[in-house]
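These notes are about the structure you will find just below.
We did not get these values from a lab; they are worked out from the coordinates using the rules stated. The structure displayed is predicted, hence computed values, not measured ones. Cβ atoms come from the backbone with ideal geometry, glycine included; neighbour counts cover every protein chain shown.
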Amino acid sequence: MSETAKLFAQGLFLGFAPDETEAFLRRCQKKTYPDGANLFMEQTEATRLFLILKGGIVLNFEMPHREGANTTIAIRKPGDAVGWSAIVPPHQYRLSGYCKGETTLLEIDRNTLQVLFETNYHLAYIFMRNIAILTGERLHQVQDKLAKALVNEAVNGW
């Protein structure tokens, strides 16, 4: 098993057969971006899924008229995947993504994913199951962050 496959084995690739993992990875393109690079913006068409090899991705909620406000929802690290909206209708990113430090990613475009899933239903099923699990985990993280913000607001006033 390659180092890249190991990095995602407990997340996005959980339950993949070795040949499915390699089939997926062969379709990805490796790219490196500088610190602060914008990968995608909230409410734009989601065309790519990103797998983080090095660095990180800061996920922000863009708040109009609140420039300078900390709207970071999460910071994703190596082994995480970002941009699931590329495979889930209506294919719009829900948050904005910016590189944290120099960031190396594997990218796969929506059309390539669709062709892969149409030719391997088992891979598609396992992949979507993993997305559902990861989505639930991230929803829990957002709930925790919201609860902390509400407590802070109650303690410190409006």
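Couple of notes before you dig in:
- Scanning segment 99-158 for residues that are small (Gly, Ala, Ser) and over 28 Å from Ala17 (Cα atoms) yields a count of 5.
- All of Glu62, Glu102 fail the test of being among the acidic types (Asp, Glu) and within 20 Å of Gln29 (Cα to Cα), apart from Glu102.
- On inspection, Ser96 fails the criterion of being polar (S, T, N, Q) and in contact with a Phe, Trp or Tyr (Cβ under 6 Å, 6 or more places away or on another chain).
- Contact annotation: residue pairs with Cβ atoms under 7 Å, 6 or more positions apart or on different chains, pairing a residue in segment 109-131 that is more than 20 Å from Glu45 (Cα to Cα) and in contact (Cβ under 8 Å) with a residue 40 or more places away in the chain with a partner that is of a type in the set (Asp, Glu) and assigned to a helix (DSSP H, G or I), are Asn120/Glu20; Leu123/Glu20.
- Taken as a whole, the structure places Tyr93 among residues that are over 18 Å from Cys28 (Cα atoms) and under 18 Å from the mean Cα position of the chain (by Cα).
For every residue, the table says whether it meets (1) closer than 22 Å to Tyr93 by Cα; (2) in contact (Cβ under 8 Å) with a residue 40 or more places away in the chain; (3) out of contact with any Phe, Trp or Tyr (no Cβ under 7 Å at 6 or more places or on another chain).
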residue	(1), (2), (3)
Leu14	no, yes, yes
Arg26	no, no, yes
Lys30	yes, yes, yes
Tyr33	yes, yes, yes
Gly36	yes, yes, no
Phe40	yes, yes, no
Thr44	yes, yes, no
Thr47	yes, yes, yes
Ile52	yes, yes, yes
